[in-house]
Amino acid sequence: MFLFELLIKVVVLGFAFNGKDSYLKNSWNKMDFIIVFFSMVSMIFKDIDLGPIKILRVLRVLRPLRMISRNPGMKIAIQSLINAIPDIGNVMVVSVLFILLFAILSTNFYKGAFYSCMTDNVPEEYHDRIQNRFECLDYGGDWVN
């Protein structure tokens with residue numbers, strides 16, 4: 001059905017070189033063409049078990065995007081999201097820097113705090129003396145997380 005719609009638009013508008021109103025001059029029609037093309041290729045080779053053909057099957061999830069081109073309100077919303085990507089990227093960079101900062105601070109603060117000495121092989125009188133990894137290993141214990 002999508003292929004039939006594509007063919008009708010190509011007959012009416014021309015494919016690519018029929019002026020400014022050609023089918024492939026509109027970016028929404030380009031998206032439709034790519035989706036229909038890869039859907040047809042994946043349907044033709046559905047019995048072949050090759051890796052690249054399987055990847056084309058994943059592109060079927062783009063089919064709902066075709067409905068955006070028919071709804072002007074959705075077009076505006078999607079174009080607004082696309083235009084906001086650079087600003088979202090700036091916010092993401094700042095957020096990643098804060099996360100990195102707290103990761104470094106917490107690594108320095110908690111360094112080895114969650115490790116303990118398994119004192120199964122250590123005599124009872126030495127349990128109070130063990131404060132770090134090296135003392136644990138010196139007395140014959142196991143340093144575990």
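The values are calculated or read from the model by the stated rules, or taken from the named source; none is laboratory data. Keep in mind that what you see is a predicted model, and the values were worked out from it rather than measured. As a convention, Cβ positions derive from the backbone with ideal geometry for all residues, glycine included, and neighbour counts pool all protein chains shown.
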Residue in segment 125-138 that is surrounded by fewer than 10 Cβ atoms within 10 Å (Cβ to Cβ) and not in a helix (DSSP H, G or I) present: yes
Residue in segment 45-63 that is modelled with pLDDT of 80 or more, in contact with a helix residue (DSSP H, G or I) (Cβ under 8 Å, 6 or more places away or on another chain) and surrounded by 10 or more Cβ atoms within 10 Å (Cβ to Cβ) present: no
Inter-residue pairs, beta-carbon under 8 Å, first on the phi > 0 side of the Ramachandran plot and polar (S, T, N, Q) and in segment 91-119, second part of a helix (DSSP H, G or I) and at pLDDT below 85, 6+ apart: none
Considering residues of segment 18-40 that are modelled with pLDDT under 80 and farther than 24 Å from GLN79 by Cα only, the residue surrounded by the fewest Cβ atoms within 10 Å (Cβ to Cβ): GLY19
Filter pass, ILE82 being over 24 Å from ILE8 (Cα atoms), assigned to a helix (DSSP H, G or I) and at pLDDT 80 or above: yes
Residues of segment 93-113 classified as among the hydroxyl-bearing types (Ser, Thr, Tyr), closer than 23 Å to PHE134 by Cα and surrounded by 10 or more Cβ atoms within 10 Å (Cβ to Cβ), total: 1
Filtered residues of segment 94-109 (kept if at pLDDT below 95 and either among the aliphatic types (A, V, I, L, M) or not in a helix (DSSP H, G or I) (or both)): ALA103, ILE104, LEU105
Verdict on ASN90 being more than 30 Å from CYS136 (Cα to Cα), of a type outside the set (Asp, Glu) and surrounded by 12 or more Cβ atoms within 10 Å (Cβ to Cβ): no
